[in-house]
Amino acid sequence: MRFTPRVICVFSVFIAMGFAATVSAQTYPSKPVRMIVGFPAGGPVDIVARMMSPKLGEVLGQQVIVDNRGGANGLIGADAVAKSAPDGYTMILISTGTATISPHIYPKMPYDPARDLACVTLVSSTGELLVVHPSVPAKNVKELIAIAKAKPGQITIASTGSGGLPHLALELFKMEAKVNMLHVPFNGAAPAVSNALGGQVLGVIADLPVLQPHIESGRLRALALAAPKRSPLFPNVPTMIEQGLPKVEALNWYGIQVAAKTPPEIIAKLNEAFGKTLNDADMRQKLVGRGADPMPGTPAEFAAFVKAEYEKWGPIAKASGAKVD
């Protein structure tokens, strides 16, 4: 086989590209890393990101900068990462809603979640918690179901917005319990909880950390956690599974994703760094204290988890009728 100058030149380009990628992976990271959060500062995703970033920076040997890009249920931030350079210097702390629910309710996605983003690791998860105002006589899920069946459409349950995870968790509960409750969406956790505290709605479903102070004060009564196990923060609150609803599991989880063509060696380095960060005793204590269960794992495990969650929430999103223009 004869090699013309053109063929030799093409081979040289590929060899150079491979060498450059190897060198890049070996020296990564050589500058600060950005962790994009697709929600405003002060929210639950932002809190977890800022909690992790100092320790992660210490492990990586470079500063980790939290960059808030709020809007469209996290899609603006995710799109920025999908279109970023695949070099590991831009990542997103993505949430359940952005990764697995938005693709079912947004008619036009700005990027392809499966094609344009690569999984690094699952970070943590927290279950959705169903609580009621003290005026509601139900002390458990069975009693709430009985009331709802006696008064179809009259039990009002708030959520943080149409099409979000709390909304779909409520829809899943209604489907499995075979009850007709009235969903009342609000624009965020603050107004949803405020209306539940005031009795304008009879209950609310939201992330456990959002509801924690109001349960501790007795202003709201916790009925069930939509998680595989009880929370150490509220060991006396049983799960939906324990109360006869084995399919009602709704975890608001966070995970790390990067641009799809990021070299596997860099993804492996990031995965290792997050593993060390999340397994640090002090970090675990901080996360658990916020109602979050640290869940580091491999990129393959996270990718399989995202796929399963996407397939799980699709039919529920369709049944809910939630759409975003």
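Here region 127-226 carries DSSP beta bridges of which approximately 60% are antiparallel, counting only pairs with both residues inside.
Placing unit charges on the Cβ atoms only, positive for Lys and Arg and negative for Asp and Glu, gives region 85-193 a dipole magnitude near 540 debye about its Cα centre. Under the membrane-span-like helix rule (DSSP H runs whose alpha carbons stretch at least 15 Å along the helix axis, mean Kyte-Doolittle hydropathy -1.0 or higher), the chain yields 5-27, 44-60, 165-177, 264-278, 299-320.
Ellipsoid semi-axes for region 133-181, based on the Cα gyration tensor and the rule √(5λ), read 18, 12, 10 Å when sorted largest first. Helix-only arithmetic for the chain: the sum of -39500 (n - 2.57) across DSSP H runs with n ≥ 4, divided by the residue total, places the mean residue ellipticity at 222 nm at -13500 deg cm²/dmol. Bridges between two residues of the chain, per DSSP, are antiparallel at a rate of about 65%.
Between Asn180 and Ala146, the contour length at 0.36 nm per residue exceeds the alpha carbon distance by 11.1 nm.
Ranked by how many other Cβ atoms sit within 10 Å of their own Cβ, fewest first, the residues Trp253, Trp313 fall in the order Trp253, Trp313. This ranking places Ile36, Ile205, Ile241 by how few other beta-carbon atoms lie within 10 Å of each, fewest first, which gives Ile241, Ile36, Ile205. Take the alpha-carbon centre of region 35-74, take the same for region 125-170, and report the distance between them in whole Å. Centre-to-centre (Cα) distance: 31 Å.
Each Lys or Arg adds one and each Asp or Glu subtracts one; over the other residues with Cβ under 14 Å from the Cβ of Gly97, this totals -3. Annotation: Cα Rg of the chain relative to the compact-globule expectation 2.2 N^0.38 Å equals 1.12.
Using the Karplus relation 6.51 cos²θ - 1.76 cosθ + 1.60 with θ = phi - 60°, the per-residue 3J(HN,Hα) values for region 91-105 come to 9, 10, 8, 8, 10, 3, x, 5, 7, 10, 10, 3, x, 8, 10 Hz, with x marking Gly and Pro.
GNM on the chain, alpha-carbon springs under 10 angstrom: the most fluctuating residue among Met51, Met295, Met35 is Met51. For region 179-269, the calculated P(r), taken from all Cα-Cα distances in 5 Å bins from zero up to the bin holding the longest distance, is 2, 11, 18, 18, 16, 11, 6, 7, 6, 3, 0 percent. Past the 21 Å Cα-Cα mark, which pairs from Lys55/Lys276; Lys55/Lys83; Lys142/Lys178; Lys174/Lys247? Distance filter (> 21 Å) returns Lys55/Lys83.
Farthest towards the positive end of the charge dipole of region 127-226, among the residues His183, Leu211, Gly161, is the Cα of His183, using unit charges on the Cβ of Lys, Arg, Asp and Glu. With N the number of residues in region 127-226, Rg(Cα) / (2.2 N^0.38 Å) evaluates to 0.93. Couplings for region 251-263, taken from phi via the Karplus curve 6.51 cos²θ - 1.76 cosθ + 1.60 with θ = phi - 60°, read 9, 8, 10, 10, x, 9, 10, 10, 4, 4, 8, 4, x Hz in order; Gly and Pro are left as x. With only the Cα atoms considered, region 23-84 has a convex hull volume of 75 Å³ per residue. Only Lys, Arg, Asp and Glu carry charge here, each on its Cβ (+1 for the first two, -1 for the last two); on that basis region 265-325 has a dipole of about 200 debye about its Cα centre. The peptide list 90-103, 134-147, put in order of mean Cβ contacts within 10 Å with the highest first, becomes 90-103, 134-147.
Placing +1 on each Lys and Arg Cβ and -1 on each Asp and Glu Cβ, with no other charges, gives the chain a dipole about its Cα centre of roughly 340 debye.
Every number here is computed from the coordinates shown, using simple stated rules; none is lab data. In this text the structure is predicted, and so the values were computed from the model without any measurement. Cβ coordinates were reconstructed from backbone atoms using ideal geometry, including for glycine residues, and neighbour counts include every protein chain displayed.
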